[in-house]
Amino acid sequence: MARLKASWQKYTLHFKRPSGTSRGVLTEKKTWLLLISRIDQPKVIGIGECGPLKGLSFDERPDFEAKLTEVCLHLEEYQDTYQNALKAFPAVQFGLESALLDLQAKGTKILFPSSFTEGKTTININGLIWMGSQEYMHEQIETKLADGFTCLKIKIGAIDFEEKLSLIKEIRREYPAKGMELRVDANGAFTPQEALEKLKRLAEFELHSIEQPIQAGQIDLMAKLCETTPLPIALDEELIGITTTEEKANLLSTIKPQYIILKPTLVGGFKNAEEWISLANKQNIPWWITSALESNIGLNSIAQWTATLDNALPQGLGTGQLYTNNIPSPLVIKNGNLCYDRNKDWDISKIESGVCEWI
């Protein structure tokens, strides 16, 4: 077995515009890039992204960088044991898994070869509408519709609920459910006392689903809500921190959600996400895949993996255009679909030159 070496770099992504969520307004996103090479082929570098989300990720903790350093110093041990050894660090699991796959692919960034990476097929995605003023949200919606999206996801957790209902009503007046699928994301912002009533009012507009209406961790309350809801519920934050097969199966069988949403960065990479998918399929629970504000490094690996899953639902992979300083890649959005444009090249010069902060 060839000997490996590794290092990590910190990279700060800057939003083109402040983006509102129920956890506050985002202007930047810190992420960490894991670089792996063989001792005998130092110029062939596999890159993976470890990017926990502030205020949400299971591994957003003070010793995150120390764990990354430990993984780099003992890489040959971790490459065989990371599935168990890094359960408390799902973002590192994802980044290490991706970097090793990229190294195996000779640093080409083609981790999961398919008709998608050949540029022959595309991935249907939803257009993400961030929270903000009515004017700003209208602007986003008009832009997404002009770009050919037929599925929109609207974040509704942190601003006036009546305003949000008014906005959705306006959309539905012009775009009936047959031609425009609408998803909403509450990010756990509803209280258990008000949740059912709000779901009833939202259901009047023929929405596809609502993500995480109440805060995660209230298992019995969420189960009751999923049992009585007039609007399909998709679990998102609820899956974070659930690491064993038994825990995953019990969560799904107890809550019985209408959907689950999988973010590889938050659930521990592709192997863990595939276990969620297998368990959900056994219980006839549909699912889709979503990115978690990664740079194009992370988004690329998620998109390529998603393309192999043969899931017809619109996926949540439209975050590559959020940043002013994203890493140039072949990923492009055309007519509401994510495409891999083989005429475009990767530009990882900032990473290779060490512009990012090294350990």
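The values are calculated or read from the model by the stated rules, or taken from the named source; none is laboratory data. All values derive from a computational prediction rather than experimental measurement. Backbone-built Cβ (ideal geometry, glycine too); neighbour counts: all protein chains shown.
Overview of results
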read-out	value
Test: Gly95 is of a type in the set (Gly, Ala, Ser) and either loosely packed, with under 15 Cβ neighbours inside 10 Å or within 20 Å of Leu266 (Cβ to Cβ) (or both)	yes
Pair list, Cβ < 9 Å and 6+ apart or interchain, from the range 202-221 residues that are hydroxyl-bearing (Ser, Thr, Tyr) to residues that are not in a strand (DSSP E or B)	Ser209/Leu231; Ser209/Pro232; Ser209/Gln258
Criterion violated by Glu206 - all others in (1) of a type in the set (Asp, Glu); (2) under 22 Å from the mean Cα position of the chain (by Cα); (3) at positive phi satisfied	(2)
Pick from the range 176-189, criterion at negative phi, of a type outside the set (A, V, I, L, M) and within 22 Å of the chain's Cα centre (by Cα), ranking: surrounded by the fewest Cβ atoms within 10 Å (Cβ to Cβ)	Glu181
Every pair of residues 6+ apart whose Cβ atoms lie under 6 Å, when the first sits in the range 222-247 and is in the same structural domain as Gly268 (by TED's automatic domain parsing) and without any contact (Cβ under 8 Å) to a residue 40 or more places away in the chain while the second is surrounded by fewer than 16 Cβ atoms within 10 Å (Cβ to Cβ) and of a type in the set (A, V, I, L, M)	Pro230/Ala203; Leu231/Ala203
Some residue of the range 289-309 being over 17 Å from the mean Cα position of the chain (by Cα) and at pLDDT 95 or above	no
Residue satisfying condition, being touching a helix residue (DSSP H, G or I) at 6+ places or on another chain (Cβ under 8 Å) and of a type in the set (D, E, K, R), within set Glu211, Glu163	Glu163
Every residue from the range 129-175 that is part of a loop (DSSP other than H, G, I, E, B), more than 22 Å from the chain's Cα centre (by Cα) and more than 19 Å from Ala203 (Cα to Cα)	Ser133
Selected residue (only one of Trp287, Trp346, Trp305 is free of Cβ contacts under 8 Å to residues at least 60 places away in the same chain and either among the small types (Gly, Ala, Ser) or surrounded by fewer than 23 Cβ atoms within 10 Å (Cβ to Cβ) (or both))	Trp287
Residue check for Lys43: under 18 Å from Ile348 (Cβ atoms) and more than 21 Å from the chain's Cα centre (by Cα)	yes
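For every residue, the table says whether it meets (1) farther than 20 Å from Asp310 by Cα; (2) in contact with a Lys or Arg (Cβ under 6 Å, 6 or more places away or on another chain); (3) of a type in the set (D, E, K, R).
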{"position": "Thr228", "(1), (2), (3)": "yes, no, no"}
{"position": "Ala234", "(1), (2), (3)": "no, no, no"}
{"position": "Leu239", "(1), (2), (3)": "yes, no, no"}
{"position": "Glu246", "(1), (2), (3)": "yes, no, yes"}
{"position": "Pro257", "(1), (2), (3)": "yes, no, no"}
{"position": "Trp287", "(1), (2), (3)": "no, no, no"}
{"position": "Leu293", "(1), (2), (3)": "yes, yes, no"}
